[in-house]
Amino acid sequence: MRQRLSDTATEMFLERGFDGVRVAEIAGACGVSEKTVFNYFPTKESLVLDLGENTMAALRTDLALPGRSPVDAVLGILSGELRGLVSWIAAQDDPVQAAAMIRRFRELTRSTPSLRAYHRDMNDRLIGVAAEVLAGRTGMSPEDPEPQIAATALLGLWPIQFRSLGKHLAGVRTSEQAERVHEAVTADVRRAARLIETGLVPDSGRTADPDQAGGLIAEFESVTDPRGDS
């Protein structure tokens, strides 16, 4: 029922605009009461931006895994979310129409003030969760600058993936092309993740020197690792 409500709401929002659809209409289309809708979704905005809670749960679990770097953990979460979306597109009878729907969804979230505000609030919550878990790995406070900046950098990979997805979906014409989108988008995300791991290097053709450039996550772990020199 939760998935049905979200799918129905998304279709109606894409057709008529977010502000042009009432929650009561979504409930009627699904044959339930408006109260039932709000039992599953606390706000109208959460009907369409419904994956944040899943991401939050994944961050709590995967970032805390011992022996796994924060960057690797986040890349794994992003890859799983991307795989689900790309697999859905490839499974549709018309991949071109499915890809166009994803691009329209992106435009809907960008052009609707209340959805933008909800997205910003959710992103702040995700950064807070990531900072909390990262601080727990090192014995620091979540309010300390190091876990805060590390968490902000890691969560910055999500908009990179979303923008890359929109770019690569533009050329999708077949299911086979849709499947290749995962590889292309992942390559873009990993390029961004390397900057977090190794730091910004002025000369793009030069390999970063860890002793000089470091990286947000490398520096964070070095400063806070009780086995280190600091």
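Some values worked out for this structure:
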read-out	value
Cβ-Cβ under 6 Å pairs, at least 6 apart or on other chains, region 26-39 side within 16 Å of Thr10 (Cα to Cα), far side among the basic types (Lys, Arg)	Cys30/Arg4
Region 15-48, residues that are surrounded by fewer than 17 Cβ atoms within 10 Å (Cβ to Cβ) and either within 22 Å of Trp158 (Cβ to Cβ) or assigned by TED's automatic domain parsing to the domain that holds Asp121 (or both)	Pro42, Thr43
Some residue of region 94-109 being modelled with pLDDT of 95 or more, in the same structural domain as Leu157 (by TED's automatic domain parsing), exposed (fewer than 13 other Cβ atoms within 10 Å of the Cβ) and not in a loop (DSSP other than H, G, I, E, B)	no
Unmet requirement for Tyr118, which otherwise passes all of (1) farther than 24 Å from Ala57 by Cα; (2) buried (at least 19 other Cβ atoms within 10 Å of the Cβ)	(1)
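The values are calculated or read from the model by the stated rules, or taken from the named source; none is laboratory data. Only a predicted model underlies this, so the values are computations on that prediction, with no experimental measurement involved. Every residue, glycine among them, receives a Cβ derived from its backbone with ideal geometry; neighbour counts consider all protein chains shown.
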